[in-house]
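Here the structure comes first, spelled out in structure tokens, and everything after it is commentary.
The values are calculated or read from the model by the stated rules, or taken from the named source; none is laboratory data. Note that the structure is a prediction, hence the values are computed from the model and not measured. Note that we place each Cβ from the backbone using ideal geometry, even for glycine, and neighbour counts take in every protein chain shown.
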């Protein structure tokens, strides 16, 4: 009986040590998925602008272009509801109404600290996935695109990159 009790105590202790590690693994996977989805949306926004001459006013507009430039409208993996914080080409007026404003990028609504370092930022909400580097309200080079600070060469332009992969910070 004492041996059984000792085994249960050891199992509980090991389980308590494993829970934080499991959370870290889940968050790291979600961050990698966020980077994939955010960059896919930013790339789709660039392609949409090249095909139509304007940015969409809703992410569902990306699915209306034939052939599809995005597999599906991805949700934010870092938040329960999956809604993105949109970045607009122009700032909303005094009312704050964003209806009909062109969307040039997305970012997560999550205010968690990240495990990974992406775009030299460690707050997930600060990770910007943008088709336009000159977004109002962001510092110069704060968006995805030329001048964003990435060092991955873009073979199509032979110079400044428009993308880049995740940079691991741990």
Worksheet item: Based on what the data block shows, is residue 28 free of Cβ contacts under 8 Å to residues at least 40 places away in the same chain, surrounded by fewer than 18 Cβ atoms within 10 Å (Cβ to Cβ) and either farther than 17 Å from residue 130 by Cα or more than 18 Å from the chain's Cα centre (by Cα) (or both)?
Response: no
Worksheet item: Any chance the range 60-68 includes a residue that's modelled with pLDDT of 90 or more, surrounded by 12 or more Cβ atoms within 10 Å (Cβ to Cβ) and either touching a helix residue (DSSP H, G or I) at 6+ places or on another chain (Cβ under 8 Å) or part of a loop (DSSP other than H, G, I, E, B) (or both)?
Response: yes
Worksheet entry | Selection count, the range 72-99, where residues are modelled with pLDDT of 90 or more, surrounded by fewer than 18 Cβ atoms within 10 Å (Cβ to Cβ) and in a loop (DSSP other than H, G, I, E, B) | 7
Practice prompt. For the range 100-126, enumerate the residues that are in contact (Cβ under 8 Å) with a residue 24 or more places away in the chain and not in a strand (DSSP E or B).
Written response: 100, 101, 102, 108, 109, 110, 112, 119, 120, 124, 125
Worksheet, complete the sentence: Filtering the range 57-73 down to residues that are more than 27 Å from residue 92 (Cα to Cα) and over 19 Å from the mean Cα position of the chain (by Cα) yields 66, 67, 68
